[in-house]
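Participant: Mind looking over this structure? Questions follow.
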Amino acid sequence: MSKTSYPKERINILFLENISDKAVQYFKQQGYANVKKIAGALSEEELVKEVKDVHLLGIRSKTQITPKVLEAAKKLQAIGCFCIGVNQVDLKAATKKGVVVFNAPYSNTRSVAELVIGISVMLIRKIVDKNIAAHKGIWMKDAKGSYELRGKTMGIIGYGNIGSQVSVLCEALGMKVLFYDTETKLPLGNAVAAKNMKEVLSNSDIISLHVPETAQTKNLINRNNIKLFKKGSILLNYARGEVVDLKALSEAIKEGVIAGAGIDVYPWEPEKNGDHFDTPLQGLPNVILTPHIGGSTEEAQQNIGEDVSVKLFQYLERGITNGSHTVPAIGLPPVDGAHRILHIHKNVPGVLSAINTALSKNNINIVGQYLKTNEEIGYVVLDVDKKLSKRAAELLKEVKETIKVRMLY
Ligand code: NAI
């Protein structure tokens, strides 16, 4: 267990929304005993009361972090979003307050990629309808229309984290991979970058979508370009619901142009389990519908717990901000024989020179100094002479435009 200048037992950690026990255990193992867990999300009013003395806040996607909450959280150093996105946090307000915000963007990448492969096998072999029939007591032994993945072409639209993982898994199964991305991407293995989306749509046996939800990707697959698909091809959407025009897809399936579909995301999704939902794809043959569970695995939850906990801990004890959405990213090793102080300030000219002048006037030796800025704020990590570190922290608090000063060790 490492030593910190601020007593660990006085660090208050609040975890909402049933965050994985892995995270609680992690902090307890590191000597942080003050971890409070609340099962659900809290309203703004409740949160304002709860966060007053909190140093680290852990949330998932349902807790809204508003400017009012941030204003009330005077001691807050960092927010850990134990999920994939950070939309629930007012990042602008958090930046202004110098509160670091972390998440776990890649924890379920592999969960989605693996499912895409599993669903592809099920659809190309026409297992869905045979399974339904078998459950009803009907024997449907037939090779007609059942194919193998080996030798087929997987068309990937969006070659980012998930798309490129799908690419690797497809090649391992003997598939060819053709992909299209709006950005230039290094093809992995033998994958081939197409010049445009049309090339992918008209040459693939299975088309898998892995693009983000943007104005440009709304109805990316629509009535017009479905016409380009190879007859008998399969469409998979494990990305975002607005990306496919589901009415156009259902018509193409009924007309036999598309031989199957795996859909996990929808333009409208129910709020909670048990709620009713409708899609034009219900009841169609060789269509697998899943309730937005592409990334929902036990492993992904554990990865999220570990990933965010480590990021929070590294910031708390070392000042490392890699992966932060607010305070600029700095990653640096501890320096022996020195004390480390963090200084977050408004990004206006002259702050760094004011820091250096204040310290040099008092004969405080700076062993290491790192600065990074974004439009709003600057983040300086200072390693200073052990004997004078307390005085240095006091001087830094007096520097104009200071938002936060914290001594780590
Ligand atoms: P990413 O940001 O790593 O990759 C997205 C890629 O799409 C980027 O390379 C980008 O350049 C490319 N792109 C953007 N617009 C494009 C366009 N119009 N045409 C072609 N390429 C375009 O994102 P990641 O992590 O791979 O996620 C992909 C999608 O999967 C996202 O929509 C994400 O929300 C979704 N997702 C779904 C899950 C589920 O449970 N079903 C779980 C996790 C992610």
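Coordinate-derived values only; no laboratory data. Being a predicted model, the structure only gives us computed values, none of them experimental. So basically every Cβ, Gly included, is an ideal-geometry build from the backbone, and we count neighbours across all protein chains shown.
Participant: Among Pro67, Gly256, Val100, which residue has its Cα positioned farthest towards the positive end of the charge dipole of the chain, with +1 placed on the Cβ of Lys and Arg, -1 on the Cβ of Asp and Glu, and the dipole taken about the Cα centre?
Facilitator: It is Val100.
Participant: Separate question: Would you mind computing Rg(Cα) / (2.2 N^0.38 Å) for segment 306-399, counting N as its residues?
Facilitator: That works out to 1.08 for segment 306-399.
Participant: Compute and list, largest first, the equivalent-ellipsoid semi-axes of segment 93-175 from the alpha carbon gyration tensor, each √(5λ) rounded to a whole angstrom.
Facilitator: For segment 93-175, the semi-axes come out at 39, 18, 8 Å.
Participant: Sorting check: for 138-147, 155-164, 355-364, which peptide has the highest mean count of neighbouring beta carbons within 10 Å, and how do the rest follow?
Facilitator: The most tightly packed comes first, giving 155-164, 355-364, 138-147.
Participant: Calculate the length of the line joining the C-alpha centroid of segment 311-331 to that of segment 49-106, in whole Å.
Facilitator: Result: 14 Å between the Cα centres.
Participant: Rounded to the nearest 0.05, what FRET efficiency do Ser43 and Glu255 have when you use their Cβ-Cβ distance and R0 = 60 Å?
Facilitator: 0.75
Participant: Could you go through segment 151-157 in sequence order and give the Karplus-derived ³J(HN,Hα) for each residue, using 6.51 cos²θ - 1.76 cosθ + 1.60 with θ = phi - 60°, rounded to whole Hz, and x for Gly and Pro?
Facilitator: Residue by residue, segment 151-157 yields x, 7, 9, 8, x, 10, 9 Hz.
Participant: Would you kindly state how much longer the chain becomes between Glu114 and Leu388 on full extension, computed as 0.36 nm times their sequence separation minus their alpha carbon distance, in nm to one decimal?
Facilitator: Answer, rounded to one decimal: 93.2 nm.
Participant: Let me ask you something else. Classify segment 230-329 as rounded, prolate or oblate, taking a ≥ b ≥ c as the square roots of the eigenvalues of its Cα gyration tensor: rounded when a/c is under 1.5, otherwise prolate if a/b is larger than b/c and oblate if not.
Facilitator: prolate
Participant: Give me the aspartates and glutamates in straight-line cross-link reach of Lys96: C-alpha distance below 16 Å, same-chain residues under 8 apart excluded.
Facilitator: Here the aspartates and glutamates satisfying the reach criterion relative to Lys96 are Glu71, Glu375, Glu376, Glu401.
Participant: Can you give me the distance in nm between label points at Lys92 and Trp139, each placed 7 Å from the Cα along the Cα-to-Cβ direction?
Facilitator: It is 6.8 nm.
Participant: Taking 8 Å as the Cα distance limit and 6 or more residues as the minimum spacing, I'd like the relative contact order of the chain as a percentage.
Facilitator: Answer for the chain is 14 percent.
Participant: Only Lys, Arg, Asp and Glu count, each charged at its Cβ (+1, +1, -1, -1), so figure out the dipole size of segment 250-393 about its Cα centre, rounded to 20 debye.
Facilitator: 1440 debye
Participant: Still on this structure, please answer the following. I want the local charge near Arg391. Using Cβ-Cβ distances under 12 Å, sum +1 for each Lys or Arg and -1 for each Asp or Glu among the other residues.
Facilitator: Residues near Arg391 contribute +2 overall.
Participant: Using a simple spin-label model with points 7 Å from Cα along the Cα→Cβ vector, what separation in nm is obtained for Glu171 and Lys247?
Facilitator: That separation, rounded to one decimal, is 4.1 nm.
Participant: Still on this structure, I have one more. What is the dipole size for segment 1-145, taken about its Cα centre, with +1 at each Lys and Arg Cβ and -1 at each Asp and Glu Cβ, in debye to the nearest 20?
Facilitator: In total the dipole reaches around 320 debye.
Participant: What does the extension gain come out to for Ala358 and Lys22, with contour length at 0.36 nm per residue minus their alpha carbon separation?
Facilitator: The span from Ala358 to Lys22 would gain 116.7 nm if fully extended.
Participant: Now for a separate question. If you build the convex hull over the alpha carbons only and average its shadow over all orientations, what do you get for the chain? Give it in nm² to one decimal.
Facilitator: Averaged projected hull area, Cα only: 23.7 nm².
Participant: Determine the dipole magnitude for the chain: charges of +1 sit on the beta-carbon of Lys and Arg, -1 on that of Asp and Glu, nothing else is charged, the reference point is the Cα centre, and the result goes in debye to the nearest 20.
Facilitator: 700 debye
Participant: Based on the mean of other Cβ atoms within 10 Å per residue, sort peptides 303-311, 213-221 so the most packed one is first.
Facilitator: Output ranking for 303-311, 213-221: 303-311, 213-221.
Participant: Separate question: Cut-off 13 Å, label point 7 angstrom out along Cα-to-Cβ of Gln369: give me the residues of segment 381-409 whose amide nitrogen falls inside.
Facilitator: 381-385, 396
Participant: Additional query: With a sphere of radius 13 Å drawn around the Cβ of Gln282, what net charge do the other residues whose Cβ falls strictly inside it have (Lys, Arg +1; Asp, Glu -1)?
Facilitator: Net charge in that neighbourhood comes out at +1.
Participant: While we're here: Show log10 I(q)/I(0) for segment 77-221 at q = 0.11, 0.15, 0.18 Å⁻¹, two decimals, from a solvent-free Debye sum over equal Cα scatterers.
Facilitator: The computed values of log10 I(q)/I(0) come out as -0.57, -0.86, -1.04.
Participant: In addition: What is the local net charge at Ser111, summed over the other residues whose Cβ is closer than 10 Å to its Cβ (Lys, Arg +1; Asp, Glu -1)?
Facilitator: Cβ neighbours under 10 Å give a net charge of -2.
Participant: Within segment 330-369, find all residues whose amide N lies under 15 Å from a label point positioned 7 Å from the Cα of Glu398 along Cα-to-beta-carbon.
Facilitator: Only 354-364 pass the distance filter.
Participant: Set the bar at 29 Å for Cα to Cα. Now go through Lys141/Lys231; Lys141/Lys254; Lys195/Lys311; Lys37/Lys311; Lys62/Lys372; Lys8/Lys272 and name every pair that lies beyond it.
Facilitator: Lys195/Lys311; Lys62/Lys372; Lys8/Lys272
Participant: Using label points projected 7 Å from each Cα along Cα→Cβ, tell me how many nm separate Glu148 and Tyr106, to one decimal.
Facilitator: 3.3 nm
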